[in-house]
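Here is the structure we will look at.
The values are calculated or read from the model by the stated rules, or taken from the named source; none is laboratory data. Note that the coordinates shown come from a computational prediction; the quantities given were computed from them, not determined experimentally. As a convention, Cβ positions derive from the backbone with ideal geometry for all residues, glycine included, and neighbour counts pool all protein chains shown. The accessibility values were calculated without ligands, DNA or RNA, using every heavy atom of the protein model including side chains. Shrake-Rupley method; radii C 1.70, N 1.55, O 1.52, S 1.80 Å.
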Amino acid sequence: MNQRRFFVPTAMVLGFVFLYAPIVSLIVFSFNKSKLVTVWAGFSTQWYGALLQNDQILQAAWVSLRIATLNATAAVVLGTIAGFVIARFRRFRGRTLFTGMVMAPLVMPEVITGLSLLLLFVAMEAALGWPAGRGFLTITIAHITFSMAYVAVIIQSRLSDMDESIEEAALDLGARPAKIFFQITLPIIAPALVAGWLLSFTLSLDDLVIASFVSGPGSSTLPMVIFSKVRLGVSPEINALATILVAVVAIGTIISGIFLARQRRARERDMQMAKADIAD
Amino acid sequence: MSTRGAPALTKGVNRTASTAVKRISGFGLGAVWHGLRRRFRGLGRASVIGIPYLWLLAFFLIPFVIVLKISLAETEIAQPPYTSLWYWIEHKYLNIRLNLGNYQYLIQDSLYWTAYLNSVKIAAVSTVFCLLVGYPIAYGIARARPDRRILLLMLVILPFWTSFLIRVYAWIGILKTNGLINNALMALGIVDTPLVMMQTDFAVYLGIVYSYLPFMILPLYANLEKLDLTLLEAAADLGCRPSKAFFRVTLPLSMPGILAGSMLVFIPAVGEFVIPALLGGPDTLMIGRILWDEFFANRDWPVASAVAIALLLLLVIPIVLFQYNQARAAEAKS
């Protein structure tokens, strides 16, 4: 027993050190004066200044942010429908194929997805004349396709946790299915929608491989620019950029964590009150 | 009391209302009305299923068919750089020309074999290490006090939300010749000459374990959290030592979590491109990198497609296994 009490906490501490040490080192050396990233030469914020003057990075960041926003919004709509279909429609023709197509992008190697989508876009352009050329639009479509799979899995798992009797009660009271979905189901799964949107946003902002395949001239995303710089070696500007990204993600995660905790508490309170009502 | 009575009451009223409508409108009109309603409901259902279905068919399934098609074409210096599989002779005869040369090329050139085998080996070993590192963490979180669990889970998820590319990049600064580890070791006098860690297979293993660790921890945690603790109590009551109870109760029951986590790590790792490209050396052959070079450097689309199809065939069994596991978990839940 003693052995186990010692082993698990030690493994956890080491595991978290392993997860965080590289990120901490990135942040620390972004404030380094020296251009040699790993030799400390004093505190400086000059690399942040240099970053703000790097037009290539700023432009790519703007492209990436727009793609990520569009992608997340579309992926939440499509992914929610897909997750709803898997969780609530138990029987329809082609269900196995459908669930397969929803789950597969989660594990599909990116090089395969990227190549196959590029070949599709080339074939479509030859046959239909749309999409003309590759770039912003094709990257967005590609990102929606894999992001919606993540959203669908989140929504599906949330829906199967949900108490279906609430929906059934509404149906018994004569509400139409569409009304039930928008007035009952959707508000209950709202936190999962937020989580899906945020996840899709970061997945899109993070993707290098698929975007490289389906992008065209003049539409480099942020990861593509970072990759071409990083291939040449470490650069303090990238450290500064990484620090900004980590800060944004950390703040976003903390805010959504507080929001979710508060909502859960509110829900528990409501349930207790409802139970008290019934007891009366 | 009133809140409880309301639904039943309304339900009753509704039923009587609908029978009343039936009686008033007569049999024929009622049937038509109901038929129409059912038809509309069916239409709504069909379009709800249809929208994501069509999207996935168009942008997920059909692309694979096109990859298969182009893997059977020949390379051509043209735009797009491959030949057409079929053409009409005098508008009467369809001539189909399938070229298996690309696959023959994959089999004959040992480069591809080595890369496939090496990718599987690297992915498998990394998966085992992910499991060894991730299991105690997932176990620890699942057994932590409930209010601490959320915080610990957030700590696991946070790196997963930060850019993958940047987390891999962080290791370059740590592992390179004048990087953090070597600087520390030299300063402490443990080594005289810096260790070569960058551009080795070791760096690739480390990069994969590091990047995919959250994918292992999360499904494991989801599984371990649901474990019925009374089973362990029963084992203890029957005189089973904790370590034995772990191997005979906890571990077998967490197999679905282990399987899900392993597949989530193994399958994408086999086709990984970024990690071997940034951390690996020129001799770290991985198939994702070969496909990338075939496409971007050699501009050989048909061979790149054949590489992709072969990779897909290699991964079909694990992918099906993963989906079966997911479907079973979903069934068990609902």
Toy charge model, Lys and Arg Cβ at +1, Asp and Glu Cβ at -1: the protein assembly as shown dipole around Cα centroid in debye, rounded to 20, equals 2280
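Evaluate E = 1/(1 + (r/R0)^6) for B:Phe246 and B:Leu68, where r is the Cβ-Cβ distance and R0 equals 56 Å; express this FRET efficiency to the nearest 0.05. Please report the intermediate quantities before stating the final value.
Values: r = 47 Å, r/R0 = 0.83.
Efficiency, rounded to the nearest 0.05: 0.75.
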Separation of the stretch A:227-280 and the stretch A:13-52 by C-alpha centroid, Å? 23
Label zone at A:Gln53, where the point sits 7 Å out along the Cα-to-Cβ direction: the stretch A:6-46 residues whose backbone N lies under 17 Å: A:33-35, A:44-46
Stokes-Einstein translational diffusion, chain A - Kirkwood Rh over all Cα pairs, 1.567 mPa s, 4 °C, in µm²/s: 58
Summing -39500 (n - 2.57) over every DSSP H run of at least 4 residues in the protein assembly as shown and dividing by its residue count gives a helix-only mean residue ellipticity at 222 nm, to the nearest 500 deg cm²/dmol, of -25500 deg cm²/dmol
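Can you pick out the pairs among A:Lys229/B:Lys69; A:Lys229/B:Lys176; A:Lys229/B:Lys121; A:Lys33/A:Lys229; B:Lys69/B:Lys121; B:Lys121/B:Lys244 whose Cα atoms lie more than 27 Å from each other?
Working: A:Lys229/B:Lys69 35 Å; A:Lys229/B:Lys176 16 Å; A:Lys229/B:Lys121 30 Å; A:Lys33/A:Lys229 20 Å; B:Lys69/B:Lys121 29 Å; B:Lys121/B:Lys244 31 Å.
Over 27 Å Cα-Cα: A:Lys229/B:Lys69; A:Lys229/B:Lys121; B:Lys69/B:Lys121; B:Lys121/B:Lys244.
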Separation between Cα centres of the stretch B:92-108 and the stretch A:150-182, rounded to whole Å: 50
How crowded by other chains is B:151-159, given as the mean number of beta carbons from other chains within 10 Å of each beta carbon? 5
For chain A the mean separation of alpha carbon contacts under 8 Å (6+ apart) over residue count, i.e. relative contact order in percent, is 30
The stretch A:207-226: which residues show an accessible-area loss of 20 Å² or more, assembly versus chain alone, 1.4 Å probe? A:Leu208, A:Val209, A:Ser212, A:Phe213, A:Ile226
Taking the Cα centre as origin and putting +1 on Lys and Arg beta-carbons and -1 on Asp and Glu beta-carbons, what dipole magnitude results for the stretch B:105-333, to the nearest 20 debye? 680
Just to confirm my numbers, what's the Cα centroid distance between the stretch B:129-159 and the stretch A:73-114 in Å? 28
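Order these peptides, B:114-125, A:12-23, by their mean beta-carbon neighbour count within 10 angstrom, highest first. Walk me through the intermediate numbers first.
Working: B:114-125: 18.2, A:12-23: 16.3.
Ranking, from highest mean packing down: B:114-125, A:12-23.
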Along the charge dipole of chain A, Cβ charges K/R +1 and D/E -1, which of A:Ala279, A:Val230, A:Ala21 sits furthest on the positive end? A:Ala21
Where the only charges are on Cβ atoms (+1 Lys, Arg; -1 Asp, Glu), what is the dipole of the stretch A:1-102 about its Cα centre, to the nearest 20 debye? 720
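In the stretch A:1-116, what is the volume of the convex hull around the alpha carbon atoms, normalised per residue and reported in Å³?
Dividing the Cα hull volume of the stretch A:1-116 by its residues yields 238 Å³.
Under Stokes-Einstein, with the Kirkwood radius over Cα pairs standing in for Rh, what whole-number D in µm²/s applies to the protein assembly as shown at 4 °C and 1.567 mPa s? Write out the running numbers ahead of the final one.
Working: Rh = 27.2 Å.
Reported coefficient: 48 µm²/s.
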Of the DSSP H helices in chain A, the ones reaching 15 Å or more along their long axis in Cα terms and averaging at least 1.0 in Kyte-Doolittle hydropathy are A:2-30, A:55-88, A:95-107, A:110-128, A:136-161, A:190-206
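Given a Förster distance of 45 Å, report the FRET efficiency between A:Phe182 and A:Thr45 from their Cβ-Cβ distance, rounded to the nearest 0.05. Don't skip to the answer; put the middle values down first.
Working: r = 49 Å, r/R0 = 1.08.
Between A:Phe182 and A:Thr45 the formula returns 0.40.
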Name the residue farthest towards the positive end of the dipole of the protein assembly as shown from the options A:Leu241, A:Ser215, A:Ala175, assuming +1 on Cβ of Lys and Arg, -1 on Cβ of Asp and Glu, about the Cα centre. A:Ala175
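Kindly rank A:111-119, A:230-238 from highest to lowest mean number of other beta carbons found within 10 Å of each residue.
Most protected by this proxy first, the peptides run A:111-119, A:230-238.
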